[in-house]
Amino acid sequence: MDVDKNNYWNREKECEQLFLDNGPYYYITTENLDRALYKSREEFMMGTNMVAIASARSGMDVLDDVEMTNHHHIMGRGDISRVQGFVDFLRDSQRKLQRSLGNPPLKDWNIQIEETVDLKQFRNRICYTDRNAYVARFDAMPTGYPWGSANLFFNGNLWLFDKGIEYPKVGGREKRIICRSHNVDLPEHYRVLDGMILRSSFVKYRITESLFNNANQYFSLLTRRGEADIEIARILGENIQIPIEETFQIVASWFPGKGIRQMTQYERLEAAKMMKTRLNSSNRIISIVLQLPASTVNSMFPAPK
């Protein structure tokens, strides 16, 4: 047992050193639009190509990404000039794509760039990104969502799915369709399947893996939501709700050694305030978890007029 503990902490030191030696890292997030960027499988494929091409043109490494219907999350690595080049290319390409699809013009598409300053923040942001589809919709697990990188990490069966053909073997017409441009110069290691550049060929997933202690740690962080998610969501201007099962566990952790049924009325009211401010819980969830009358909760947190 002691050997296992030593191995764990030695590996943590390695991760810390790798993080320090191989940065900087930047978290790129696009604003949540009130309309869809992608409405079909084909449009999501265009979005995937857009990220891959932006990485190649700018020289910024993509370590993780997810495309949602109306926004993106991307973890990038490289100096700030490359990151800015990536963002500029992504914004310009997205505007052209929306115009070509006949959608309303995308004039001011706000994209945030934030440096990731330590290993803990890196891991939280990676797991938040990979969990994003699962938070927003319930028809896909993080590793089953087709428009994100989560299925690449610690996937021992990945070689079974590494399909497609090498980019140099793609025909000229298809290259122009993929790039939506006459400039079709892309890295030779990119692989293409059905007109889409495969994430397994442009996401530097081995680097991302190396910054987690092991697969167990990644999966544990991936499936455990909590206050860290709420903090990231606030920064990004997103609104997420933690499922009721996890909310029960978090609230119970605030009062160790005491179940919710043993909490005093004062403790329940204090917990209600914490649930609202820390977890962004709805009045209904607060009422259910703390077993408080709906009228009491609604009087504490009245609906905005």
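List the lysines whose alpha-carbon lies under 29 Å from that of residue 273, not counting same-chain residues fewer than 8 positions away?
Those lysines meeting the cut-off are 120, 258, 305.
For each of 18, 97, 37, count neighbouring Cβ atoms within 10 Å of the residue's Cβ, then give the residues from fewest to most. Spell out each step's value before the answer.
Numbers: 18 14, 97 19, 37 23.
Exposure proxy ranking, most exposed first: 18, 97, 37.
So which trypsin sites (Lys or Arg not before Pro) in segment 1-67 end up in coil per DSSP with only 12 or fewer other C-beta atoms within 10 Å? Spell out each step's value before the answer.
Working: sites: 5, 11, 13, 35, 39, 41, 57; in loops: 35, 39.
Answer in residue order: 35, 39.
From the list (i) 122; (ii) 133; (iii) 162, can you say which value of volume of the Cα convex hull per residue in Å³ was derived from the structure given?
Label of the calculated value: (iii).
Please identify, among 125, 268, 191, the residue showing maximal mean-square fluctuation in a Gaussian network model of the chain using a 10 angstrom Cα cutoff.
Between 125, 268, 191, it is 268 that shows the largest mean-square fluctuation.
For a footprinting-style exposure proxy, rank 15, 127 by other Cβ within 10 Å, fewest first.
Numbers: 15 19, 127 27.
Fewest to most other Cβ atoms nearby, the residues stand as 15, 127.
May I ask which residue of 149, 285, 217 lies farthest towards the positive end of the charge dipole of the chain, with charges of +1 (Lys, Arg) and -1 (Asp, Glu) on Cβ and the Cα centre as origin?
The listed residue farthest towards the positive side: 285.
Sort 109, 9, 254, 147 so that the residue with the fewest other Cβ atoms within 10 Å of its own Cβ comes first and the one with the most comes last. Walk me through the intermediate numbers first.
Numbers: 109 17, 9 11, 254 14, 147 20.
Arranged by neighbour count, lowest to highest, 109, 9, 254, 147 become 9, 254, 109, 147.
Please check: in the Gaussian network model of the chain (C-alpha springs, under 10 Å), which one of 151, 110, 49 has the largest mean-square fluctuation.
Result: 110 has the largest fluctuation of those listed.
Any read-out appearing in this document is the output of simple, stated calculations on the displayed coordinates, not a laboratory observation. Treat the numbers as computed from the prediction; the structure is a model and nothing was measured. We place every Cβ from the backbone using ideal geometry, glycine too, and count neighbours over all the protein chains shown.
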